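What follows is one structure encoded as structure tokens, with my remarks underneath.
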Amino acid sequence: MQSFFVRLNPNHLTADIDQLLDDLKTGTRLHEASLLEIRDALDRKAFVRAAIEHLQFPAQHEGQDESDGVSANMRRVAQVSMDREKYEGIAEIAVLQASDGIGILRKQKGEDPIPFDSLTEGLKALAIKELSFAASQLPAVTDQPEDAVPTTAIFENLVPTVREQRSSRQFIIASHDANVVVSGDVERVIVLPPGASDQPIVGTLFDAPVRDSAITLLEGGDRAFQLRQKRYGDYV
């Protein structure tokens, strides 16, 4: 069985800030290393002040100290940005804050953790659902949690999660998957017939009308279920 966990990186800086600074520095001839220094020591108030002062009093900044100090380089970026009328970028950097980074990893026994970006689309969907269920004890309402999740993972991960947590919280699930409905040991099943005028069927899987509806809607009907049972019987 695989599991997922979240790892916090308190030194993370959003890629948006890097991209924004890279755009604003155009024309400054600053190297990437200088840009990283500016990012790490970014003083937003001083940055915006330098840009506004340069707009109001450009003559006062002619011949200003152009040393390679971080503050001087930040001021240079602010001034060039203003000269190039990158007003939106200047305003955005004033409010765009760096944030803690969150990394999602998949762990399977005997294997190294795998980062979220390296997972298949199906496992990414499973990770999001597993972590969202684990994030709270409040009632959970979810529509087709099986969507995009590999079939084996529905039975081995998603269903055990629901069965384990349902003792302390309520789940309201809309599903077309037999693994979720039948193997999830749900306490109450509401069958919504395809006809708009038909009445819902309410009960448990021990009730014949609910069980018959489950076979029809989830398994494709008696014949389809029996055919699969016969085929599987040769191997199971």
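Since every read-out is calculated from the coordinates, none of them should be taken as a lab result. In this text the structure is predicted, and so the values were computed from the model without any measurement.
Taken one residue at a time, the phi angles of segment 102-110 give Karplus couplings (6.51, -1.76, 1.60, θ = phi - 60°) of 10, x, 9, 10, 9, 10, 10, 3, x Hz. Gly and Pro are set to x. Distance from the C-alpha centroid of segment 100-134 to that of segment 135-164: 14 Å, rounded to the whole angstrom.
Would you work out the relative contact order for segment 118-233, in percent, from Cα pairs under 8 angstrom that are 6 or more residues apart? Let's see the in-between values first.
On the way: 112 pairs, mean separation 21.7, N = 116.
Answer for segment 118-233 is 19 percent.
Rounded to the nearest 10 degrees, the angle from helix 222-233 to the longest Cα principal axis of the chain is 80 degrees. Computed over the chain, the Cα gyration tensor eigenvalues convert (square root of 5λ each) into semi-axes of 59, 20, 15 Å, ordered from largest to smallest.
Taking the DSSP bridge list for the chain and keeping only pairs wholly inside it, about 75 percent are antiparallel.
Here's the list of lysines a cross-link from LYS109 could span, going by alpha-carbon distance under 29 Å and ignoring same-chain residues fewer than 8 apart: LYS124, LYS129.
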